[in-house]
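FYI, it's all coordinate maths here, none of it is from the lab. In this text, all values refer to a predicted model and were calculated from it rather than measured experimentally. Cβ placement follows ideal geometry from the backbone for every residue including glycine, while neighbour counts extend to all protein chains displayed.
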Amino acid sequence: MNAQNITEAAMLAGATGAGTARGRRTGDVILDVKNISLSFGGVKALTDISFDVREHEVRAIIGPNGAGKSSMLNCINGVYQPQQGSITFRGKTFKHMNSRQVAEMGVARTFQNLALFKGMSVLDNIMTGRNLKMKSGLLAQAFRFGPAEREELAQREFVERIIDFLEIQLYRKTPVGRLPYGLQKRVDLGRALAMEPQVLLLDEPMAGMNVEEKQDMSRFILDVNDEFGTTIVLIEHDMGVVMDISDRVVVLDYGKKIGDGTPDEVRSNEDVIRAYLGTEH
């Protein structure tokens, strides 16, 4: 999308009630990112980035390609270890945490590129998100001994509720690889929800979708936020979507923060307009 199209999308969002989701009450800071710097060799991916996320908030991270958005999420969920700075989650500060430890703390993540098990059914793919909740050992799970079988049935019941919530009941036994791209994205979201996260990191959840699919995904994201009380941090390039569903937006450019505030504040930020939104001619 070129600068003029992005500007038009942002203006359209403003004209149609941008930020209608912003009337929600948010709580205390649940995630606090302080002075994060990340380098790969001599290349600086992130430089002194700080922002916070409040409980029950939809917090967007935007910026041009290569701005460092995915790298920021990778630092939060333990894929990358920043050279400087710290991340505090619910009052616990950590500098070096692997992905499993972060997941156990209550942070789930979807990725821009789908990593689903294409030969497995929708139900089984979402079931993989329950692994951290399973108490039975692998041997007991494999042979489905008494307690393990009861536990699996309980976990499947939980997953069935997610399938109903995401309106993919008709595809529950269908191999994921046979589904349209938009439905695969929904399954990816379901797998993350199966972890019962307190904070959900979404990396371009609407990339490659048509208008109708984007509308559906926007609705599901807001429903997750409202009905489950899940805090959302998302990366998204569609400015109409960002301005419409986000409570606050942080803007990155070349690994540096150039803007932070409500959608209206970001939309009128001169640095953001020059670097990302563009100007009308």
Cα-Cα P(r), region 181-281, percent of pairs per 10 Å interval:
14, 44, 31, 11, 0
From the cross-link list 214/256; 34/214; 118/185, which pairs have alpha carbons spaced over 20 Å apart?
214/256; 34/214
Which of 90, 186 has the fewest Cβ neighbours within 10 Å, and the rest in rising order:
90, 186
Using the crude model of +1 on Lys and Arg Cβ and -1 on Asp and Glu Cβ, and no other charge, please compute the dipole size for region 170-281 relative to its Cα centre, in debye to 20.
640 debye
How do 71-80, 175-184 rank on mean C-beta neighbours within 10 Å, highest first?
71-80, 175-184
